[in-house]
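The values are calculated or read from the model by the stated rules, or taken from the named source; none is laboratory data. The structure presented is a predicted model; accordingly, all values stated were derived computationally and were not measured. With ideal geometry, Cβ positions are generated from the backbone for all residues, glycine too; neighbour counts draw on all protein chains shown.
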Number of protein chains: 4
Amino acid sequence: MNSFGQIFRINIFGESHGESVGILIDGCPAGLPLGPEDLLADIERRKGGQQPGTTPRKEEDAPHFKSGLFQGKTTGAPILIYFENNNTRSSDYEKQRSIPRPGHADFVAAKKFGGFEDYRGSGHFSGRLTLPLVAAGAIAKKIVGAVRIEAMLVEVGGHADVEKGIEHAIANKDSVGGIVECRVNGLPIGLGEPFFDATESLLAHAVFAVPAIRGIEFGTGFAAAKMFGSEHNDAIEDSEGATRTNHAGGIVGGLTNGNELVFRVAVKPTSSTPKEQRSLNTSSGRQEEFVIKGRHDLCIALRVPVVIEAVTAIVLADLFMREQRIGRVLS
Amino acid sequence: MNSFGQIFRINIFGESHGESVGILIDGCPAGLPLGPEDLLADIERRKGGQQPGTTPRKEEDAPHFKSGLFQGKTTGAPILIYFENNNTRSSDYEKQRSIPRPGHADFVAAKKFGGFEDYRGSGHFSGRLTLPLVAAGAIAKKIVGAVRIEAMLVEVGGHADVEKGIEHAIANKDSVGGIVECRVNGLPIGLGEPFFDATESLLAHAVFAVPAIRGIEFGTGFAAAKMFGSEHNDAIEDSEGATRTNHAGGIVGGLTNGNELVFRVAVKPTSSTPKEQRSLNTSSGRQEEFVIKGRHDLCIALRVPVVIEAVTAIVLADLFMREQRIGRVLS
Amino acid sequence: MNSFGQIFRINIFGESHGESVGILIDGCPAGLPLGPEDLLADIERRKGGQQPGTTPRKEEDAPHFKSGLFQGKTTGAPILIYFENNNTRSSDYEKQRSIPRPGHADFVAAKKFGGFEDYRGSGHFSGRLTLPLVAAGAIAKKIVGAVRIEAMLVEVGGHADVEKGIEHAIANKDSVGGIVECRVNGLPIGLGEPFFDATESLLAHAVFAVPAIRGIEFGTGFAAAKMFGSEHNDAIEDSEGATRTNHAGGIVGGLTNGNELVFRVAVKPTSSTPKEQRSLNTSSGRQEEFVIKGRHDLCIALRVPVVIEAVTAIVLADLFMREQRIGRVLS
Amino acid sequence: MNSFGQIFRINIFGESHGESVGILIDGCPAGLPLGPEDLLADIERRKGGQQPGTTPRKEEDAPHFKSGLFQGKTTGAPILIYFENNNTRSSDYEKQRSIPRPGHADFVAAKKFGGFEDYRGSGHFSGRLTLPLVAAGAIAKKIVGAVRIEAMLVEVGGHADVEKGIEHAIANKDSVGGIVECRVNGLPIGLGEPFFDATESLLAHAVFAVPAIRGIEFGTGFAAAKMFGSEHNDAIEDSEGATRTNHAGGIVGGLTNGNELVFRVAVKPTSSTPKEQRSLNTSSGRQEEFVIKGRHDLCIALRVPVVIEAVTAIVLADLFMREQRIGRVLS
């Protein structure tokens, strides 16, 4: 399923080198003022080509609303957001087809889809599909209104100074990964459900839908496993549930507790490193040295924060609507 | 929703100190030989009371099949597995109601459910609901047959020697957390989908439904964020997709790649530490020192591996059925 | 899937001659006063044995709440309602196994489930599973509160005088069918969605889940196909949407329009007629004359109205919750 | 939700006088040869303007595949089919806004969506959205391959001779309804599930998603309610389940039985009759005589058969895939 959400439900489509990528959003409340301009800031943040370490491929990335809007507002009907792919150089990929790129879906996709997959530039598996995710995220942010969602890169290639991390990658002519931290403020108490609709379950589900993510931890996360209970527990201080510490990262029993929600995700180094690599040539049946062609980011993690914000906003918008904290019609 | 899965779908119910806990399983293939004896080994592994650090509360934990079986085999109709709660001491909890326990759902549950929740022993939020999860997991393991799922505790309270970690907790009269590692062998290539039904998304969703989990990482996980791409990429070596290294932990592009699937989860220290704690007394409006009553594990992580195996098996059984790798009727 | 509903979601289980039948209800609002006594009137209406034409099989039909209630109110956690099967005479059915009964699921169930199905008394296909449906319906009626749902038998065996229809069946020693009409008052305007979640779509879906239903029509129904548009259109008369006529049966464009919702369902004659019948003996491969054993209703339609009310209430409760007309916590 | 299906899942979008209508199809098997030419015959059948009684509005109705195809075959990724709206005359509708048209969604849509709905030509409620349904149906027909689905108009305005019925409408300058009968051959035994996923439940759900449908009946349908059980039961004649009669219409216990599946649907007369009508003027608060403007069919039922075939094929494709009768990859 290429869908996510129960009430506010998104459906992605498209391929890296096909005609388009986009997203169909169902369940958006009616009456939300909305236009392309609401998406541009986040789309810009996601774009490659502005900083050292990001890909020189530049798509126009202009969002087209094809349904669900009328007189500048949402109508309650499904919203189709459509992006054209203009700037594709498929021939780069066709040459490489017989050598599945390590770290990419090439090999598994061919096995799964019987060779019928669009293999050009990872096709439907491409990171380009995070563009419509970011678009939907910008809408979700408008829906959840006063909630503030902020993700930032806090480590690159092992360096807390992100610029140093990038320089390190450039100097080594190799790709690097990073850590993104997301903080959410302004959440109500009690969002989420015990067990399968735990807020962590939904967020982790959505976060791992983002390509290149290798781990997620909430609050103190993996470090919690080394603490004593008496250290880790967050003492409740007032009737609004404010806690002295926030080792839980704002979620207890699967439900938000009104404190800041905090999680971190690990982003692997870009699979398309400029370094020479080894893989199987499926035509010859022999291993081969090769160098990846195409235009790629040295550190894909640079572009991830806005995508993490997007999926976080999407999860929250859906939870707010399911739990009736936001109406089906805005007034 | 207290449900999970698309074809093989589980629905949990019950409360810690109510009449019962249990699970309703829909979509199990017909023709699977099944009886209570198939569940006992895993139920036993989950049980407290056998080792230092686990709770002295002992339920009989006998599973009762109430539907869906006929002549020793599954029929294709829903399977109800029911466990009675016999050994409850609710009065322990009633006294504590006005002081929401830090790290527990007491406070958030009361806010969410307007005070109507069954608060005794965490009610529906209780870790006791992992008992029916383990039961469903044992069935899921039978369904996926040759796939071997093995989770084990690899660290307790910061000690790689688990017994040392427990001794440390006992010596400090405090609770501790731990790290559970899960390894799955025998998986086919191509299980899962890109984006929202990525194998990591589904596993992470299910794993965070288990109480006390604070983080999950696949393969090299958070350490991947510090590596170069040329180090991290797993070179493909043969036509079955075997890779020289396994930093990806067996999943690429959201799909299994035929190598060992590996993930680790962080378990927080048991919230019910024996140490004196501080929390708000919601009746008086003042903070208070108090000591948790009731019977609790010093290290809940000791009981987690079999639960992680269970949710892993449940995710895989559902994926196998969705992807038609296992039939609706077994022969 | 043995489930229905998006927020207020029911899951049925059980077999006619197994240990139990029952239902697991998820998404019921917290704070609803509830006990077995709330279900008894509807359970009584569904019971056989009280009137000529209904089966002499009498189950105690006592509902047991096994989870989700605390101090006489719903908690927001899943509600398990459980009915024991006490009064089964399976040997009646075992003898008949080789002759699949016409009109029953015997033949198709064996083909679908590979012979692993519980075939006794139709097993999981049995009309006995309408008992938990009726229980869930009684709860749904409480949820939708002021909405009045009333179904009644308006025709039996072709007779508008229902008693005459039954006498006709008894006199002919044959089973008969009937027509049930359901009227719902007190609905808001705008319930439902265009297209797939049209109120008619959801009601029809639920109604055809009831065994023995062969047709459904809304408002003027099949007769509308013979009318002119100028006759059929219901002129809107006031700002509340009251219409002069109600040919639409209270639904326009898939949405309720605030007028009385009216639909009729056709119930086939009980398949288990006392008359001699012909079917294939699957052991001998030859056709055979035979007479159905077991205890059966001459006119199953007599027991259908309360079941139709139940599924109607279930659909409405789910729609009310999805559309935020009823809260997750009642106050 | 504007979605339908569990594995083969369709999502419709668009408005009558907006930029587009279309459909996003998820779960289509990979490897299906597909192009616009596969949709044209059914799109042509649905089009107005060819016969007396159908609307003179002519859209080009050219389907554009925007994703999910590669080298002339499906890839397993979502398929976006997009239709432009070229031939809209919205001003016709804007004038009428204050008078909600009887039989249309105008009034209820405004109430439901707070006045934010696109009201032009029924907006998202428009019959124009059956165009993408027909497109998806054409694909579904290819998926179910050897199954033959044929719907035809068997009655118009009360006349079994359809042309007479149309002449009658033209002569009376009024709109008329009709009856569509659908017959499906080549189905396997055992498709569907007991209760909520009964084949009738799914078909009825999908059929009532089609605008203007007022009733559905399977096999003998409403007439069954007047029969004796001994007449109505279909005697099984051979080991393939062939029955002497087919009063059940090919479905028993919610499952197909291998005989011809037969159902009929009642289509109401087109709400937009050319006759003068009465409705409330919501601006003035007074009732008013008025005549519908815009281009409309005298008998919408003429265009319904291909839509009924489409939703039938969609239901069957989903069932075939859920039940593993059709693979995820075609070879």
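Is it the case that some residue within the stretch B:263-275 is more than 20 Å from B:Ala301 (Cβ to Cβ) and not basic (Lys, Arg)?
no
For the stretch D:188-203, give me each residue that is small (Gly, Ala, Ser) and within 13 Å of D:Ala317 (Cα to Cα).
Listed by number, the list holds a single entry, D:Gly192.
Consider the stretch A:5-20. How many of its residues are at the interface with another protein chain (Cβ under 8 Å from one of its Cβ atoms), over 22 Å from B:Leu202 (Cβ atoms) and of a type outside the set (Asp, Glu)?
The qualifying residues number 3.
Can you pull out every residue in the stretch D:271-307 that is over 15 Å from D:Gly177 (Cα atoms) and β-branched (Val, Ile, Thr)?
D:Thr282, D:Val291, D:Ile292, D:Val306, D:Val307 - these are the residues of the stretch D:271-307 that are over 15 Å from D:Gly177 (Cα atoms) and β-branched (Val, Ile, Thr).
Take the residues in the stretch A:70-86 that are in a strand (DSSP E or B) and of a type in the set (Val, Ile, Thr); name whichever of them is farthest from the other protein chains (Cβ to nearest Cβ).
Taking the candidates together, the pick is A:Ile81.
Consider C:Leu133 against the criteria (1) on the phi < 0 side of the Ramachandran plot; (2) away from chain D (no Cβ under 14 Å): it satisfies all of them except one. Which criterion is unmet?
The failed condition is (2).
Can you name every residue in the stretch A:21-35 that is within 9 Å of chain D (Cβ to nearest Cβ), part of a strand (DSSP E or B), more than 12 Å from A:Ser67 (Cα to Cα) and more than 17 Å from the chain's Cα centre (by Cα)?
Within the stretch A:21-35, A:Ala30 is the sole residue that qualifies.
Here is a list of conditions, (1) more than 25 Å from C:Asn281 (Cβ to Cβ); (2) at pLDDT below 95; (3) surrounded by fewer than 22 Cβ atoms within 10 Å (Cβ to Cβ), and D:Leu298 meets all of them except one; can you say which number that is?
Status for D:Leu298: all satisfied but (3).
Can you say whether D:Gly229 is over 20 Å from the mean Cα position of the chain (by Cα), surrounded by 24 or more Cβ atoms within 10 Å (Cβ to Cβ) and within 30 Å of D:Ser122 (Cβ to Cβ), as far as the supplied structure shows?
So D:Gly229 does not fit the description; no.
For the stretch C:131-158: of the residues being in contact with a Pro (Cβ under 7 Å, 6 or more places away or on another chain) and in a helix (DSSP H, G or I), which is nearest to C:Ala209 (Cα to Cα)?
C:Ala135
Name the residues in the stretch A:185-197 that are aliphatic (A, V, I, L, M) and surrounded by 24 or more Cβ atoms within 10 Å (Cβ to Cβ), would you?
Matches in the stretch A:185-197: A:Leu187, A:Leu191.
For D:Gly327, state whether it is surrounded by fewer than 17 Cβ atoms within 10 Å (Cβ to Cβ), touching a Pro at 6+ places or on another chain (Cβ under 9 Å) and not polar (S, T, N, Q).
yes
Considering only the stretch A:224-257, how many residues are of a type in the set (Ser, Thr, Tyr) and under 13 Å from B:Ser271 (Cβ atoms)?
2
Among the numbered conditions (1) touching a Phe, Trp or Tyr at 6+ places or on another chain (Cβ under 7 Å); (2) farther than 29 Å from D:Thr256 by Cα, tell me where D:Gly123 comes up short.
Every condition holds for D:Gly123 apart from (1).
I want to confirm something. Restricting to the stretch A:167-189 and keeping residues that are under 18 Å from A:Ser239 (Cα atoms) and in contact with a Ser or Thr (Cβ under 8 Å, 6 or more places away or on another chain), which single residue is farthest from the other protein chains (Cβ to nearest Cβ)?
Here the answer is A:Leu187.
Would you confirm, using the coordinates I've provided, whether B:Ser272 is out of contact with any His (no Cβ under 9 Å at 6 or more places or on another chain) and either among the small types (Gly, Ala, Ser) or surrounded by 24 or more Cβ atoms within 10 Å (Cβ to Cβ) (or both)?
Here the answer is no, as B:Ser272 does not meet what is asked.
Table: residues versus (1) at pLDDT below 95; (2) at positive phi.
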position: D:Gly258; (1), (2): no, yes
position: D:Val265; (1), (2): no, no
position: D:Ser272; (1), (2): yes, no
position: D:Glu289; (1), (2): yes, no
position: D:Arg303; (1), (2): no, no
position: D:Ala317; (1), (2): no, no
position: D:Arg322; (1), (2): no, no
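Looking only at the stretch A:219-247, which residues are hydrophobic (A, V, I, L, M, F, W, C) and in contact with a strand residue (DSSP E or B) (Cβ under 7 Å, 6 or more places away or on another chain)?
Once the filter is applied, which keeps residues that are hydrophobic (A, V, I, L, M, F, W, C) and in contact with a strand residue (DSSP E or B) (Cβ under 7 Å, 6 or more places away or on another chain), the stretch A:219-247 yields A:Phe222, A:Ala224, A:Ala225, A:Phe228, A:Ala235, A:Ile236.
Can you find a residue that is touching a residue at least 60 places away in the same chain (Cβ under 8 Å), assigned to a helix (DSSP H, G or I) and closer than 19 Å to B:Arg45 by Cβ anywhere in the stretch B:104-127?
Checking the stretch B:104-127: at least one residue is touching a residue at least 60 places away in the same chain (Cβ under 8 Å), assigned to a helix (DSSP H, G or I) and closer than 19 Å to B:Arg45 by Cβ.
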